Amino acid sequence: MLSLHIKIFDSMKTVLSGIRPTGNLHLGNYYGAMINFLKMQEENKCFFFIADWHSLTTHPDPALLHVNVTNILSEYLACGLDPGKATIYIQSDVPEIAELYLLLSMLAYVGELEKTVSFKEKARQNPDNVNAGLFTYPVLMAADILIHNADYVPVGKDQEQHLEMTRNYAKRFNHRYGIEYFKQPEAYNFGQELIKIPGLDGSGKMGKSEGNCIYLIDEPKTIEKKVKGALTDSGPEGPNMPKPDYIENLFSILKVVSTPEVVAHYDHLWNTGETKWYGSMKKQLAEDIIKVTTPIRERIHSIKSDTVYLRKIQKEGAEKARESAGKTLLEVRKIMGFKSF
Ligand code: TRP
């Protein structure tokens with residue numbers, strides 16, 4: 001029995017994901033990532049953390065740092081991430097990551113870092129603050145991932161280059177020290193299950209820098225206003241016309257939050273070529289979004305106000321994360337030739 005148990009445990013994959021504390025979670029984060037995290041925490045060894053060191057590269061305001069961290073932590077918990085199942089922690093509570101970052105930086109070539117798309121973009125946007133932390137952002141991210149020797153990292157397309165660099169550092173480490181120590185973490189793609197939530201402005205996906213978001217924390221009135229303001233037109237120009245992107249987007253959100261009957265109803269209206277029903281559809285859409293977000297919003301508020309609980313979660317998460325990180329670091333030091341007294 002015991003050996004069977006160990007085998008099951010061994011075959012469990014390690015999943016790790018981080019988020020920078022630079023804004024609130026929105027509907028796109030919820031359906032695009034969070035729902036999948038909830039499934040993953042049932043079946044894998046999961047690490048979910050808040051990358052507050054990373055946020056210093058662009059958001060260094062001390063008055064906001066802890067507020068932002070607490071917001072995301074409360075939102076994670078309110079969505080159902082369970083500290084009993086996953087290790088949920090704050091990056092800066094785990095100093096082992098900083099040491100691994102230093103060690104990995106010896107394997108990171110300047111030429112390669114200079115070619116990183118995210119670095120070039122940030123440097124262009126903010127030419128007065130091209131700091132070394134921004135430059136070595138991918139090295140810190142690699143340390144985040146390798147400190148727990150993760151198998152899978154669920155990330156969006158924009159992070160794939162960072163993940164490729166992580167694999168390079170892992171390979172280089174293994175090659176330089178002649179040992180297959182670090183795994184080569186892969187981007188976890190939810191494939192078929194991936195739900196993309198578009199923005200309300202007819203542009204691409206919902207994103208915090210796009211300003212087209214519905215946040216989980218938004219009050220019903222705000223949601224109604226945002227949905228009401230979503231881009232539409234005067235209606236279909238005839239029966240069975242293809243939907244323009246901005247209309248298709250509203251249907252995409254409707255498909256996620258409403259019942260199939262509701263979607264079929266408005267699809268039918270579109271196909272008949274009738275006009276003047278967008279108002280009714282938006283009302284329904286807002287109502288169904290509010291149905292999804294209301295329990296989450298209420299939990300966010302109650303968790304956020306419970307500082308004793310939050311402190312306990314932070315402390316326990318840090319302890320669990322440090323235990324795992326400490327093991328890795330000890331082995332890495334040994335492999336590299338450090339000898340402690
Ligand atoms: N760079 C990621 C982002 O901006 C956040 C992040 C930091 C991360 N460390 C990570 C994501 C480790 C996954 C794994 O979205």
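A few comments on the model shown:
- Degrees, to the nearest 10: 278-305 long Cα axis against longest axis of the chain: 30
- Close amide H contacts of Cys46 (hydrogens built in the peptide plane, cut-off under 5 Å, sequence separation of 5 or more or a different chain): Val15, Thr87.
- Sequence of Trp53, Trp270 from largest to smallest accessible area, 1.4 Å probe: Trp53, Trp270
- Computed magnitude of the charge dipole of segment 144-238 (debye, nearest 20; Cβ of K, R +1, Cβ of D, E -1): 320
- Neighbour net charge for Asn29 - beta-carbon separation under 9 angstrom, K R +1, D E -1: 0
- Of the trypsin sites (Lys or Arg not before Pro) found in segment 285-341, those that fall in a DSSP loop while having at most 11 other beta-carbon atoms within 10 Å are Lys339.
- His301 contributes about 90 Å² of solvent-accessible surface, heavy atoms of the protein only, 1.4 Å probe.
- For segment 265-275, Karplus couplings with θ = phi - 60° (6.51, -1.76, 1.60), whole Hz, Gly/Pro x: 4, 6, 4, 4, 4, 4, 5, 6, x, 5, 10
- Shape call, segment 210-253: gyration tensor on alpha carbons, a/c limit 1.5: prolate
- In the chain, the DSSP beta bridges split such that about 15 percent are antiparallel, to the nearest 5.
- Environment charge at Val155 (Cβ cut-off 14 Å; Lys +1, Arg +1, Asp -1, Glu -1): -3
- In the chain, the longest principal axis of the Cα atoms and the axis of helix 137-146 are about 80 degrees apart.
- Accessible surface ranking that places the most exposed of Thr328, Thr58 first, with a 1.4 angstrom probe: Thr58, Thr328
- Legend: calculated FRET efficiency, Lys13 to Thr232, from the Cβ-Cβ distance at R0 = 41 Å, rounded to 0.05, equals 0.40.
- Annotation for segment 268-341: GluC sites (Glu not before Pro) lying in DSSP loop with at most 12 further Cβ atoms inside 10 Å of their Cβ are Glu274.
- Where trypsin sites (Lys or Arg not before Pro) fall in DSSP loop in segment 37-125, at most 14 other Cβ within 10 Å: Lys115
- Helix 95-104 and the longest principal axis of the Cα set of the chain meet at an angle near 80°.
The values are calculated or read from the model by the stated rules, or taken from the named source; none is laboratory data. Here the structure is a predicted model, which means the values were calculated and not measured. Here the Cβ is made from the backbone with ideal geometry for all residues, glycine too, and neighbour counts use every protein chain on show. Protein only, heavy atoms only, side chains kept; ligands, DNA and RNA dropped before computing areas. Shrake-Rupley method; radii C 1.70, N 1.55, O 1.52, S 1.80 Å.
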